[in-house]
Amino acid sequence: MNKFVVSRLKIARGEASSPPAQSPVFGNTHSGTPVGESVDGPSFSEKAKNASEAGIRLAKAVISNQRIRVSEEEKNKRLSICRACEYWNERGNIGLGECKHPQCGCTRFKQGLATESCPKGLWGFALTQLEPQK
């Protein structure tokens, strides 16, 4: 095992207090975090809860024949907003990106869903009205 993996295991077991500054594979592990701050984001169980709630919203939209995807232009606009946010980690979730906001934990997939919104209120269904699919 490489040093990064070993250090992560030690942290998980409570044998170490802080992660290494750099991963040998993904580089800076908190690329969107301001210098001097550490944002861990939601726990795994909170992410699972958030994802299941998103799944319910998605299922409701499908059942009611509402639009579930945003346009490519809207998706790119949302991604640009996320990339400028202090909570966004471009390299998180094995390169899928990750929002470290305590009420989020999403990846790039969320930005393409019409049923989702930013927990900070920067983009989302309140700003992009849901409408029936054509």
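Points worth noting:
- Figure legend. Inter-residue proximity from region 93-117: first residues on the phi < 0 side of the Ramachandran plot and assigned by TED's automatic domain parsing to the domain that holds GLY55, second residues in a strand (DSSP E or B) and surrounded by 19 or more Cβ atoms within 10 Å (Cβ to Cβ), beta-carbon distance below 7 Å, spacing 6+ or different chains. Indicated pairs: GLU98/ASN89; CYS99/TRP88; LYS100/ASN89; CYS106/CYS99; THR107/GLU98; GLU116/GLY124; SER117/GLY124.
Every residue, every condition in (1) out of contact with any Lys or Arg (no Cβ under 8 Å at 6 or more places or on another chain); (2) modelled with pLDDT of 85 or more, yes or no:
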site	(1), (2)
LYS47	yes, yes
ARG67	yes, yes
GLU73	yes, yes
LYS77	yes, yes
TYR87	no, yes
LYS120	yes, yes
PHE125	yes, no
THR128	yes, no
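- Single residue of region 53-71 satisfying the filter (part of a helix (DSSP H, G or I) and under 14 Å from GLY124 (Cα atoms)) that is nearest to the chain's Cα centre (by Cα): ALA54
- Candidates in region 58-76 are the residues that are of a type in the set (D, E, K, R) and surrounded by 15 or more Cβ atoms within 10 Å (Cβ to Cβ); of these, the one that is nearest to GLN111 (Cα to Cα) is LYS75.
- Residues satisfying the stated conditions in region 36-45, i.e. part of a loop (DSSP other than H, G, I, E, B) and either modelled with pLDDT of 90 or more or under 18 Å from GLU98 (Cα atoms) (or both): GLU37, SER38, VAL39, ASP40, GLY41, PRO42, SER43
- Residue in region 76-83 that is in a loop (DSSP other than H, G, I, E, B) and assigned by TED's automatic domain parsing to the domain that holds ILE56 present: no
The values are calculated or read from the model by the stated rules, or taken from the named source; none is laboratory data. Since we're looking at a predicted model, the values are computed, not measured. Neighbour counts are summed over all protein chains in view; Cβ atoms, including those assigned to glycine, are modelled from backbone coordinates with ideal geometry.
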